[in-house]
There are 2 protein chains.
Amino acid sequence: MSITLADLAPSVLQTQYAVRGPIVSRAQELERAGRDVIYCHIGNPQTFDQKPLTYVRQVLALCQYPALLHEGAALFPADVAETARRLLEGTKHGLGAYSESQGVRCIREAVADFISERDGIEADPEAVFLTDGASKGVQAALRVLINGPQAGIMIPIPQYPLYSATITLLGGVQVPYYLDEEHNWQLSRTLLEGSLAEAERRGVGVRAICVLNPGNPTGSVLDAGNIGMIVDFARERRLAILADEVYQENVHLQGDRFVSFARVMAEKGETSVSLFSFHSISKGFLGECGQRGGYMEVRNTPAEVAAQITKLQSVSLCANLSGQVATYCMVRPPRPGEPSYPRYAREREDVVGELRRRAVLLAEGLNRIPGIHCNIVAGAMYAFPRITLPPGRTDDEYCLALLEQTGVCVVPGSGFGQLPGTAHFRATILPPTDRIRVVVDRLAAFHGTFR
Amino acid sequence: MSITLADLAPSVLQTQYAVRGPIVSRAQELERAGRDVIYCHIGNPQTFDQKPLTYVRQVLALCQYPALLHEGAALFPADVAETARRLLEGTKHGLGAYSESQGVRCIREAVADFISERDGIEADPEAVFLTDGASKGVQAALRVLINGPQAGIMIPIPQYPLYSATITLLGGVQVPYYLDEEHNWQLSRTLLEGSLAEAERRGVGVRAICVLNPGNPTGSVLDAGNIGMIVDFARERRLAILADEVYQENVHLQGDRFVSFARVMAEKGETSVSLFSFHSISKGFLGECGQRGGYMEVRNTPAEVAAQITKLQSVSLCANLSGQVATYCMVRPPRPGEPSYPRYAREREDVVGELRRRAVLLAEGLNRIPGIHCNIVAGAMYAFPRITLPPGRTDDEYCLALLEQTGVCVVPGSGFGQLPGTAHFRATILPPTDRIRVVVDRLAAFHGTFR
């Protein structure tokens, strides 16, 4: 039989992932036809001028080809060689063998140490799952949470469409809750309660709430008070929490800091709320998207449930070992006094400083355009400005026209969800400053002409 | 809410994956307690004495850390450097950026060239999907084929439990068909028709047939005639075909050769049967399990269906780039006359020759044990001997007792499925010859004592 569209499951056909949707396909067509396209649609730092950290790549090269430990010894700092040796020993058989389904034990130990040091709390390597990017961790968590067609998962609006797409594919119900744009996209207990009540009225059994902090696409950074409110809500309403914390190193404002759900829960002595938290090597200052590395940490969840997650992971054997090694490099970077540290610190500061500058530059530039309003980009890698459109026009049409007329590729707000009657787009802060200026200039020229 | 087992979906709880199941967990416990465990449960070559091919690892090291192209130029053959340069150019931004969802275009072109050369047929890079190991390709194909709770997928018995596990997770129906152990595990049209008719009687809408060639766990190699019969069956019964061809380089007998489904379909002029075929860097002579690389090629399937597969891939962004690069190295190895070729050819022949010797050694050794009968291991990496058990005893009990008493870890036939009333186990041919002799000796001593 030759399969046709009509043969596919409705859940497959209904799944949408705007970040790589039709506008991006059109952008690629235009580029192939010779147009100057500026891709602002996705957080893919190394497609711009961001360089990988030398430390990470040196460790990976040595792990891939251990003969370099001897033949190329002069080319690598001593601590890099030492790290590679430790990882090769920890994996037992190098990067070419399947690891345990949960991931290499010594790397999970390093992840647990990282969480302990970051938050001043205990962390268990057996509760850490190494994954091919955070996406695979989120999918695994949703897989165990969605237990039937009436199982609901609360997701923010706007949200990163990995969540909506995965819930649709798994046959669950999206339960949207709005973020409060007027208050820098914080969560509001009133809005959460309203969303939950509305879902329950429809017979949906709500199982969990997803929170992205720092926010994607919103760029918001939640404070401990807001996180504490969410934890209280989850406990009282018997929900699990999925905490997407992949942008934890991308906090741009002086005075702001990232606060993890694990830390807030520990400070509150909260032990009854299951927490799945996610981190990734793709964001932060590593930007190693293509390596596909990350982890999921599970808390307040019985061992037999964790064993079920491990079983599901085992069906695909294990996360890729390069991504696992890069995850180790993220959670166990060079320390002051180690030979690699000065270069590592310099490269890290270059990236962090650049991203801070670009976050300000893009938001300020957008706010100078009449008809565009952008909140401060406090965290993550995106601006999500609100745009005023002529009556009857949509942000899909706007973004397509913007692409066709100016070559600037952004994602319409509809791909993330938004309050009815509002329109937005998401643009990444990643292009070099001169390109961000071009983006702002082209938008300024375009916006007023869109009818 | 703290999640409990009772909260999980039945499909999650019912999913089984014996290759990493309770016997393997017990083996790890014993090893931690100081026992000498011989792991024969999984095809993970580099956990034994198999070394990665130097060519593959040199290319990966250069792609991970391109500074070596200058600083370490003397350490790498010219063609390796040239290959790394070509890949870095083809990826545009190296291994740290997300690629297209389908995978890097130039690597998909190399896969298409490989298929063309192997089979003397046309192949389209747009029909190639690079995946994190073949497992993820199989899961993607089953995802688009299973379109409701009565959607059936024919799987061989015995089968590799990736198939049964994924069908269960996706909420489809396993439609088992028996392989004919008396005829070296070939497929029989009579058995296929019987299986299909039985499923239809139960109201199952059968969508596809999965075939593993060379077979896992059976070690069989199908000839063109048997494959042609399967293609005819699929056309007449309006089924798609999933052809798991990950062991295509593991054909051990002089005179045998691997024949692909794509080739047989092309020779028959067959254009109405959708074909999904899978290949992997984990098996063959690369044995790069931990790198998680592979591809799926799709034939006789409309572009709009392929676009749906791409959309689903895009939700997880892309396969890991190291695995993509290793896949390139598999499909575009050094050629005679290129500087890397002599070493590459020598290393390849070492692996292939060793595996051939071990396949014979294990099967002959098993057949010398009264009460154990093993077919010739013509292909793949496993023996799947039939064992005679005392009345009322199971192969689960047998394998657990074998592990406890001898430290030999094999997987019970029940994990793959088998004809009722028969019992088997799967053991990999991968251990070094002296360890295979130990396995056979321990089995010989154990078998007669199992009551």
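The values are calculated or read from the model by the stated rules, or taken from the named source; none is laboratory data. Because the structure is predicted, anything quoted here is derived from the model rather than measured. FYI the Cβ positions are ideal-geometry reconstructions off the backbone, even for glycines, and counts take in every protein chain you see. Protein only, heavy atoms only, side chains kept; ligands, DNA and RNA dropped before computing areas. Shrake-Rupley method; radii C 1.70, N 1.55, O 1.52, S 1.80 Å.
What would the Debye equation give as log₁₀ I(q)/I(0) for region A:393-451 at q = 0.16, 0.20 Å⁻¹, counting only Cα atoms as equal point scatterers?
Ignoring solvent entirely, the Cα scatterers give -0.50, -0.76.
Which three lengths, in whole Å and largest first, does the protein assembly as shown cover when its Cα atoms are put on their principal axes?
Here the spans come out as 84, 66, 59 Å, largest first.
Give the average over all directions of the projected area of the C-alpha convex hull of region A:17-161, one decimal, in nm².
Computed as one quarter of the Cα hull surface, the answer is 14.0 nm².
Under the convention of a label 7 Å out along Cα→Cβ, give the distances in nm from B:R442 to the same position in every other copy, shortest first.
6.4
How shielded is A:96-106 by partner chains, expressed as the average number of their Cβ atoms within 10 Å of its Cβ atoms?
5
Quote the total accessible area buried by chains A and B together, excluding ligands, DNA and RNA, probe 1.4 Å, nearest 100 Å².
About 7300 Å² of accessible surface is lost on pairing.
Could you sort out which of B:K136/B:K268; B:K136/B:K283; B:K92/B:K283 sit more than 26 Å apart by Cα distance in this structure?
Beyond 26 Å between Cα atoms: B:K136/B:K268; B:K92/B:K283.
Of the GluC sites (Glu not before Pro) in region A:186-279, which ones lie in a loop per DSSP and count no more than 10 other C-beta atoms within 10 Å?
Answer in residue order: no site qualifies.
Between A:C318, A:V360, A:V305, whose Cα lies farthest towards the positive end of the dipole of region A:288-400 when Lys and Arg beta carbons carry +1 and Asp and Glu beta carbons carry -1, centred on the Cα centre?
Of the candidates, A:V360 comes out farthest on the positive side.
On the first, second and third principal axes, largest extent first, how far apart are the outermost C-alpha atoms of region B:242-302 in Å?
35, 31, 11
Would you mind telling me the share, in percent, of accessible area of region B:191-277 contributed by carbon and sulfur at probe 1.4 angstrom?
Solvent-exposed carbon and sulfur of region B:191-277 make up 43 percent of the total.
Taking only protein heavy atoms and a 1.4 Å probe, what accessible area per residue, in Å², does the protein assembly as shown have with all protein chains in place? Write out the running numbers ahead of the final one.
Values: 31290 Å² over 902 residues.
With the other protein chains kept in place, the protein assembly as shown gives 35 Å² per residue.
Using the Cα centre of region B:34-150 as the reference point, and only Cβ charges (+1 on K/R, -1 on D/E), how large is the resulting charge dipole? Debye, rounded to the nearest 20.
That gives a dipole near 420 debye.
List the pair-distance distribution P(r) of region B:298-451, using every Cα-Cα distance, as the percent of pairs falling in each 10 Å bin from 0 up to the bin containing the longest distance, rounded to whole percents.
For region B:298-451, the pair-distance distribution reads 9, 27, 21, 21, 18, 4, 0.
What is the projected area of the convex hull of the Cα atoms of region B:98-190, averaged over all directions, in nm²?
Averaging across all directions leaves 8.3 nm² for the Cα convex hull.
How would you order B:387-393, B:316-322 from highest to lowest mean count of nearby Cβ atoms within 10 Å?
Ranked by mean Cβ neighbours within 10 Å, highest first: B:316-322, B:387-393.
On the Cα set of chain B, report Rg and Dmax in Å, please.
Cα only, chain B: 22.2, 68 Å (Rg, Dmax).
With a cut-off of at most 16 other beta carbons within 10 Å, and DSSP calling the residue loop, which trypsin sites (Lys or Arg not before Pro) in region A:246-284 qualify? Please list them.
A:R257, A:K268
In percent, what relative contact order does chain B have, based on Cα pairs under 8 Å that are 6 or more apart in sequence?
Working: 833 pairs, mean separation 97.8, N = 451.
Relative CO of chain B lands at 22 percent.
With +1 on the Cβ of every Lys and Arg and -1 on the Cβ of every Asp and Glu, and nothing else charged, how large is the dipole of region B:71-230 about its Cα centre, in debye rounded to the nearest 20? Walk me through the intermediate numbers first.
Working: 12 positive and 20 negative charges, 131 e Å.
Here region B:71-230 has a charge dipole of around 640 debye.
Assuming 1.306 mPa s and 10 °C, estimate D for region B:100-150 with Stokes-Einstein, Rh taken as the Kirkwood radius over Cα pairs, in µm²/s.
130 µm²/s
At 222 nm, what value in deg cm²/dmol follows for chain A if DSSP H runs of at least 4 each add -39500 (n - 2.57) and the sum is divided by all its residues, to the nearest 500?
-13500 deg cm²/dmol
Using amide H atoms built in the peptide plane, which far-off residues or other-chain residues are under 5 Å from B:A208 H to H?
Residues meeting the criterion, in which the H sits 1.01 Å from N, are B:M154, B:A240.
Give me the distance in nm between label points sitting 7 Å out from Cα along the Cα-to-Cβ direction at A:E200 and A:A401, one decimal.
Going by the 7 Å Cα→Cβ label model, 4.5 nm.
Ignoring solvent entirely, what values of log10 I(q)/I(0) come out of the Debye formula for region B:75-131 at 0.21, 0.25, 0.26 Å⁻¹ when each Cα is a single scatterer?
Debye curve over Cα of region B:75-131, log10 I(q)/I(0) at q = 0.21, 0.25, 0.26 Å⁻¹: -0.85, -0.99, -1.01.
Please work out the Cα center distance from region A:280-295 to region A:425-451, rounded to the nearest Å.
Region A:280-295 and region A:425-451 have Cα centres spaced 26 Å from each other.
Once the convex hull of the C-alpha atoms of region B:1-97 is built, how many Å³ does it hold per residue, rounded to a whole number? Write down the numbers at each step before the final one.
Details: hull volume 23.7 nm³, N = 97.
Measuring per residue, one finds 244 Å³ for the Cα hull of region B:1-97.
In debye, nearest 20: dipole of chain A around its Cα centre with unit charges on the Cβ of K, R (+) and D, E (-)?
520 debye
Relative to the compact globular guide of 2.2 N^0.38 Å, what is the alpha carbon radius of gyration of region B:238-387, as a ratio?
Output field value: 1.26.
Where both residues lie in the protein assembly as shown, what percent of DSSP beta bridges are antiparallel, nearest 5?
Details: 38 of 80 bridges.
Once the DSSP bridges in the protein assembly as shown are tallied, antiparallel ones form about 50 percent.
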